[in-house]
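The values are calculated or read from the model by the stated rules, or taken from the named source; none is laboratory data. This structure is a prediction, so every number in the text was calculated from the model and none was measured. So basically every Cβ, Gly included, is an ideal-geometry build from the backbone, and we count neighbours across all protein chains shown.
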Amino acid sequence: MRPTVACLLLSAAALACSRPAPPPAAAEGGGAVAGDLAVAPDVEERLARFAPTKIEADLSALSPEDLKVLALVARASRHLDDVFLRQVWAGNPELAAEVAAWTGGATPQQAAARDYFRLNFGPWDRLEEMEPFLGDRPHPPGAGYYPEDLSRQEFEGYLAAHPEQKDALTSTLTVVRREGDGLVAVPYAEAYREWLAPAADLLRQAAAATGNESLRRFLELRADAFGSDDYYTSDVAWMDLDAPVEVTIGPYETYEDELFGYKAAYESFVTVALPAESAALDGFKSELPWLERNLPIANEYKNLNRGTESPIRVVDLVATAGEASSGVMTLAYNLPNDERVREAKGSKKVLMRNVMRAKYDQILVPIAQRVLAADQVDRVSFDAYFDEVLHHELGHGLGPGKIVLGGRPTEVRLELKDLYSTLEEAKADVMGVYDILALIDKGVIDRALADSLEPTYVAGLFRSARFGVGEAHGQGVVAQFNYLEAKGALAVDADGRFRGVPEKFPAAIRDLLHDMLMLQARGDYAGTAQFLQRYGTPGASLLAAIERLKDVPVDIRPLYAAVPEG
Ligand code: ZN
């Protein structure tokens with residue numbers, strides 16, 4: 001899964017702890033009003049937190065045929081923007097049209113609001129716990145997936161009374177609608193046919209254009225899945241994809257569904273492969289069984305049956321669509337999420353080198369300069385950052401997935417519900433560091449990296465902590481920070497700057513990983529809630545340090561080069 005590192009990587013987070021909430025959007029007080037839409041008075045500052053950054057890909061190795069495929073896939077992807085817009089909120093298309101109509105006489109605030117709407121895929125600020133920056137409508141927790149007035153309680157009551165509908169209504173790939181007095185599940189293929197059908201058509205054209213068999217197979221099967229909602233075979237084909245153009249397209253992550261975390265959002269990453277870099281990292285694949293055995297939990301809780309194919313791809317990003325284009329940008333992802341595929345084939349990690357470099361230069365280094373003790377700043381390195389991201393992603397494939405509770409087979413995801421992604425992302429962060437330390441001890445990773453591991457990880461925590469405690473990944477980051485500080489593995493100097501405490505750091509990482517893995521192994525919802533409550537609130541030293549990061553961009557706003565038509 002993708003998000004991250006509130007991880008270093010992740011995706012949709014919030015900055016709430018670092019800035020006061022703006023006043024309610026209102027006409028007075030400087031807010032612009034278009035029709036009856038009030039614009040948050042500070043919308044230009046909000047937008048400015050995303051530094052426009054050129055994202056360039058190395059296309060030099062691509063043939064004219066590859067370029068044609070790339071262009072067709074990029075066109076197919078754009079249809080997913082239309083789908084995701086509706087997944088965020090049913091009212092979005094109408095609002096988008098209204099916002100687009102400002103173009104003529106738009107004020108600077110309106111222009112910023114329009115760009116910010118596009119970046120957030122809706123009128124809610126993804127950096128501010130989805131508070132509205134346009135209008136005053138609160139964000140529906142069920143996004144566009146459920147009737148807006150449906151409460152958790154009502155849904156659960158309905159499921160209890162209609163067990164025969166449970167599978168369909170809680171499916172990852174259905175939209176829930178009211179029909180008469182009841183609820184019905186509408187399959188994605190039907191609900192979003194208007195956009196999925198033309199996207200599928202373009203994928204088939206791309207399939208016809210490529211001479212690469214693994215890519216042709218994936219594109220054809222994926223196009224079929226857009227019409228059938230059966231993604232299993234194409235997910236498997238995606239695992240086997242080995243082509244100059246690396247495409248990830250479909251319904252994947254469930255973060256947008258804040259009501260239950262069931263429903264998957266459509267997105268796309270169009271990338272080009274960097275084979276030499278990928279081959280260098282693929283060596284870690286063979287270490288995965290050893291890393292699973294090395295987890296700091298009893299053997300009975302280890303997941304020794306997961307597939308070990310787990311390819312690693314290093315790519316340059318060319319374009320994104322749908323959820324991948326919203327809010328904070330992902331720099332790596334680990335898919336698919338379907339446990340059946342993961343058991344059979346493992347999962348594939350895709351690291352976007354050009355995005356990682358851009359974020360490292362624009363964000364991580366300036367953060368390190370502001371929050372780390374002076375002697376720690378120069379120890380931060382891109383190599384450590386890259387490896388932490390890689391092992392975060394590998395970490396998603398390790399530890400409990402399918403579990404058995406009292407004889408009942410289930411999944412960690414289903415038991416931890418809305419808390420699942422918070423814990424899973426934090427687990428992956430910590431496991432990344434734990435595994436790198438273990439591989440250094442084993443002689444697989446150069447010991448030279450040890451020196452930069454801990455300061456780079458700490459700077460990364462700050463990068464993620466800025467995203468705020470209200471957002472899933474932000475809270476998981478604060479929990480890591482507080483836990484390590486409580487164990488004496490993180491110290492703050494008199495001037496408020498942080499340093500890792502090397503003699504305590506590895507043991508604290510181990511303990512933290514153990515605690516989180518056991519919450520997963522036991523499918524312990526109440527324990528996870530308790531853990532997040534105990535450790536998930538930022539303390540004064542953390543908040544003060546975050547305050548010093550105000551002038552550092554929160555994220556990049558990617559400016560992609562046009563895709564040549566080949
Ligand atoms: Zn992650």
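Taking the stated definitions as given, is Leu405 surrounded by fewer than 17 Cβ atoms within 10 Å (Cβ to Cβ), aliphatic (A, V, I, L, M) and in contact (Cβ under 8 Å) with a residue 12 or more places away in the chain? Break it down into steps so the answer makes sense when it comes.
Numbers: surrounded by fewer than 17 Cβ atoms within 10 Å (Cβ to Cβ): yes; aliphatic (A, V, I, L, M): yes; in contact (Cβ under 8 Å) with a residue 12 or more places away in the chain: yes.
Yes; evaluated as a whole, the condition is true for this residue.
Which pairs turn up if I take residues in region 380-398 that are closer than 16 Å to Leu437 by Cβ and look for partners that are part of a helix (DSSP H, G or I) and within 11 Å of the ligand (Cβ to nearest atom) with beta carbon separation below 6 Å, at least 6 apart in sequence or on another chain?
Glu388/Gly432; His391/Gly432; His392/Ala428; His392/Asp429; His392/Gly432; Gly395/Ala428; Gly395/Met431; Gly395/Gly432
Considering region 330-371 alone, what residues qualify as being among the polar types (S, T, N, Q), more than 17 Å from Gly401 (Cβ to Cβ) and in a loop (DSSP other than H, G, I, E, B)? Reasoning before the result, please.
We begin by selecting, within region 330-371, every residue among the polar types (S, T, N, Q); these are 330, 334, 337, 347, 354, 362, 369.
Subsequent filtering for residues that are more than 17 Å from Gly401 (Cβ to Cβ) retains 330, 354, 362, 369.
Hit for region 330-371 is Thr330, nothing else.
When residues of region 404-435 are filtered for being in contact with a strand residue (DSSP E or B) (Cβ under 8 Å, 6 or more places away or on another chain), under 22 Å from Lys263 (Cβ atoms) and away from the ligand (no atom under 16 Å from the Cβ), how many remain?
3
Regarding region 350-359, can at least one residue be identified that is within 13 Å of the ligand (Cβ to nearest atom), closer than 25 Å to Glu56 by Cα and of a type in the set (D, E, K, R)? Spell out how you get there, then give the answer.
Restricting attention to region 350-359, the residues satisfying the condition of being within 13 Å of the ligand (Cβ to nearest atom) are 350-351.
This time we only want the ones that are closer than 25 Å to Glu56 by Cα, so: 350-351.
Subsequent filtering for residues that are of a type in the set (D, E, K, R) retains none.
No: region 350-359 contains no residue that is within 13 Å of the ligand (Cβ to nearest atom), closer than 25 Å to Glu56 by Cα and of a type in the set (D, E, K, R).
When you scan region 68-87, do you find a residue that is at pLDDT below 95, away from the ligand (no atom under 16 Å from the Cβ) and over 27 Å from the mean Cα position of the chain (by Cα), even just one?
Step one: of region 68-87, the residues at pLDDT below 95 are none.
The answer is no; no qualifying residue exists.
Could you list, in sequence order, the residues of region 487-510 that are touching a residue at least 40 places away in the same chain (Cβ under 8 Å) and not in a loop (DSSP other than H, G, I, E, B)?
Val492, Phe498, Arg499, Gly500, Phe505, Pro506, Ile509, Arg510 - these are the residues of region 487-510 that are touching a residue at least 40 places away in the same chain (Cβ under 8 Å) and not in a loop (DSSP other than H, G, I, E, B).
In the set Arg217, Arg178, Arg204, which member is loosely packed, with under 15 Cβ neighbours inside 10 Å and either closer than 24 Å to Leu414 by Cα or out of contact with any Ser or Thr (no Cβ under 7 Å at 6 or more places or on another chain) (or both)?
Details: Arg217 fails: loosely packed, with under 15 Cβ neighbours inside 10 Å; Arg204 fails: loosely packed, with under 15 Cβ neighbours inside 10 Å.
Of Arg217, Arg178, Arg204, the one residue that is loosely packed, with under 15 Cβ neighbours inside 10 Å and either closer than 24 Å to Leu414 by Cα or out of contact with any Ser or Thr (no Cβ under 7 Å at 6 or more places or on another chain) (or both) is Arg178.
Take region 409-447 and flag every residue that is β-branched (Val, Ile, Thr) and either closer than 21 Å to Asp338 by Cβ or part of a helix (DSSP H, G or I) (or both).
Thr410, Val412, Thr422, Val430, Val433, Ile436, Ile440
Output yes when any residue across region 423-435 is closer than 21 Å to Ala368 by Cβ, over 15 Å from the mean Cα position of the chain (by Cα) and hydroxyl-bearing (Ser, Thr, Tyr), and no when none is.
no
I need the full set of residues from region 241-262 which are surrounded by 23 or more Cβ atoms within 10 Å (Cβ to Cβ) and aliphatic (A, V, I, L, M), in order please.
Val245, Val247, Ile249
Just to be sure I understand the filter: pairs with C-beta atoms under 6 Å, separated by 6 or more residues or on different chains, first member in region 323-344 and within 15 Å of the ligand (Cβ to nearest atom), second member of a type in the set (Asp, Glu). Which pairs pass?
Close Cβ pairs satisfying both conditions: Glu323/Glu267; Ala324/Glu267; Val328/Asp555; Met329/Asp555; Ala332/Glu393; Asn334/Glu393; Pro336/Asp235.
Considering only residues that are part of a helix (DSSP H, G or I), surrounded by 17 or more Cβ atoms within 10 Å (Cβ to Cβ) and in contact with an Asp or Glu (Cβ under 8 Å, 6 or more places away or on another chain), which ones fall in region 108-138?
Passing the criteria: Gln109, Ala112, Tyr116.
I'd like to check something: does region 436-445 contain any residue that is of a type outside the set (A, V, I, L, M), modelled with pLDDT under 95 and more than 16 Å from the ligand (Cβ to nearest atom)?
Our first condition is that a residue be of a type outside the set (A, V, I, L, M); within region 436-445, this holds for 441-443.
Pick out the ones that are also modelled with pLDDT under 95 and you get 443.
Okay, now just the ones that are also more than 16 Å from the ligand (Cβ to nearest atom), so 443.
Within region 436-445 (the criterion being of a type outside the set (A, V, I, L, M), modelled with pLDDT under 95 and more than 16 Å from the ligand (Cβ to nearest atom)), the answer is yes, since at least one residue qualifies.
Does Ala319 satisfy the condition of being of a type outside the set (Asp, Glu) and either within 14 Å of the chain's Cα centre (by Cα) or surrounded by fewer than 23 Cβ atoms within 10 Å (Cβ to Cβ) (or both)? Before you say what the answer is, go through the steps one by one.
Details: of a type outside the set (Asp, Glu): yes; either within 14 Å of the chain's Cα centre (by Cα) or surrounded by fewer than 23 Cβ atoms within 10 Å (Cβ to Cβ) (or both): no.
So Ala319 fails the test.
Residues in region 408-420 that are surrounded by 12 or more Cβ atoms within 10 Å (Cβ to Cβ) and farther than 9 Å from Gly523 by Cβ: how many? Talk me through it step by step, then tell me what you get.
As a first pass, look at region 408-420 and keep what is surrounded by 12 or more Cβ atoms within 10 Å (Cβ to Cβ): 410-420.
After this cut, where a residue has to be farther than 9 Å from Gly523 by Cβ as well, the list is 413, 417-420.
Final tally of qualifying residues: 5.
Ala38 - would you say it is in a strand (DSSP E or B), at pLDDT below 95 and either aromatic (Phe, Trp, Tyr) or surrounded by 20 or more Cβ atoms within 10 Å (Cβ to Cβ) (or both)?
So Ala38 passes the test.
Being small (Gly, Ala, Ser) and over 15 Å from Tyr252 (Cβ atoms) is the filter here; which residues of region 328-366 pass it?
Just the residues of region 328-366 that are small (Gly, Ala, Ser), to begin with: 332, 344, 346-347, 358.
Ala344, Gly346, Ala358 - these are the residues of region 328-366 that are small (Gly, Ala, Ser) and over 15 Å from Tyr252 (Cβ atoms).
Out of His396, His392, report the one residue that is in contact with a Cys (Cβ under 7 Å, 6 or more places away or on another chain) and within 13 Å of the ligand (Cβ to nearest atom).
On the way: His396 fails: in contact with a Cys (Cβ under 7 Å, 6 or more places away or on another chain).
That would be His392, the only listed residue that is in contact with a Cys (Cβ under 7 Å, 6 or more places away or on another chain) and within 13 Å of the ligand (Cβ to nearest atom).
Cβ-Cβ below 8 Å, separation at least six or inter-chain, first residue in region 428-450 and under 15 Å from Ala508 (Cα atoms) and in contact (Cβ under 8 Å) with a residue 24 or more places away in the chain, second basic (Lys, Arg) and in a helix (DSSP H, G or I): which pairs?
Between residues of region 428-450 that are under 15 Å from Ala508 (Cα atoms) and in contact (Cβ under 8 Å) with a residue 24 or more places away in the chain and residues that are basic (Lys, Arg) and in a helix (DSSP H, G or I), the close pairs are Tyr434/Arg510.
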